[in-house]
Amino acid sequence: MLTSNWLICGLICFIPLIALYVVLLLVVKDFNWWKGLLCVLIGFIALVPIVFFQKLFLEQNLIAAKTTGAVLLSALLLNGLIEEVIKTILLFAAPVPVKSPFGAFVRGLLSGMALGCIEVFVYLATGSETQLLRLASIWGIHVSCSILCSYFVYGICNKKIYFLSIFFAILFHGVYSYFAGYYTFMKYFCAAVIAISALECRVRYTKMLQTKDEVLDDLNKAEESIRSKN
């Protein structure tokens, strides 16, 4: 019976990830299946260092106050800074499944969904007293923030610094965790944070494409200049 419950729990938790992967295989023409699996693996692996450093942070008891400002600061450091920095570092090892800036989006999408799924599974498997709203929304915040982190990594790999991408990832995740920790109507604001973070993914992606177009224009002009001189 126990084994059966674990299998059912695992199946439910990972349905979104499996569905997403199948959709990408069917819809995205140039999707590289094994690079996609590596992105998923990176998402799973990320949970280990995240839990380790969060536990280390809590043991230090650096923020003992329970004021609103202290709780918000703790959420920004514990959930925002620690989680997003670790995800960003690991994303450098994750390949881009598609040969275009869209690949950065797909990389963040897969790794974020994988992390969200494994986190929900751990919560359910360990019997953690986590609110239903938080369990249902973990996927959303992990996906949107991982996409933003992936944009930052894409920029670094292409000699560009998309600082706002990682800044907003840290900010949104911290604010989300702050609101998700409430047991009053305040907890519903976490849905608004996810919506805003998803919108920011779109904004950052558009700006990333504009930057790439500018670089291509400069290269084309340089080639034309060289040709004209010859």
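The values are calculated or read from the model by the stated rules, or taken from the named source; none is laboratory data. Being a predicted model, the structure only gives us computed values, none of them experimental. Every residue, glycine as well, gets a Cβ built from its backbone with ideal geometry; the counts of neighbours run over all protein chains shown. Each accessible area value is taken on the protein alone, full model and side chains, heavy atoms only, with ligands, DNA and RNA left out. Shrake-Rupley method; radii C 1.70, N 1.55, O 1.52, S 1.80 Å.
Brief remarks follow.
- Mean sequence separation of contacting Cα pairs (under 8 Å, at least six apart), scaled by the length of the chain, corresponds to a relative contact order of 22 percent.
- V28 contributes about 30 Å² of solvent-accessible surface, heavy atoms of the protein only, 1.4 Å probe.
- Each of Q60, L73, T184 was placed along the dipole of the chain (beta-carbon charges, centred on the mean Cα), and the one lying farthest toward the positive end is L73.
- Restricting the range 59-111 to chymotrypsin sites (Phe, Trp or Tyr not before Pro) that sit in a DSSP loop and have at most 15 other Cβ atoms within 10 Å of their own Cβ leaves F92.
- Loop-located trypsin sites (Lys or Arg not before Pro) in the range 11-78 (DSSP state not H, G, I, E or B) with no more than 11 neighbouring Cβ atoms inside 10 Å: K29, K66.
- Degrees separating the helix 33-60 axis from the principal Cα axis of the chain, which is the longest one: 50 degrees
- Per residue, the range 63-177 exposes 40 Å² of accessible surface when a 1.4 Å probe is rolled over the protein heavy atoms with every protein chain present.
- Paramagnetic label zone (point 7 Å from Cα along Cα-to-C-beta, L41; backbone N under 13 Å) in the range 82-106: 93-95
- Pairs from K35/K87; K29/K187; K35/K159 whose Cα-Cα separation, in the structure shown, is over 28 Å: K29/K187
- Net charge dipole, the range 14-155: roughly 260 debye, given to the nearest 20, about the Cα centre with Cβ charges of +1 for Lys and Arg and -1 for Asp and Glu.
- Shown for the range 77-139: the carbon plus sulfur share of the solvent-accessible area, taken with all protein chains present and a 1.4 angstrom probe, equals 71%.
- Given the alternatives [x] 1.04; [y] 1.07; [z] 0.99, Rg/Rh (Cα atoms, Kirkwood Rh) as computed for this entry is given by [x].
- Virtual spin-label span in nm between W33 and K99, 7 Å along Cα→Cβ: 1.9 nm
- Cα-based helix-to-principal-axis angle, 82-91 vs the chain, degrees rounded to 10: 40 degrees
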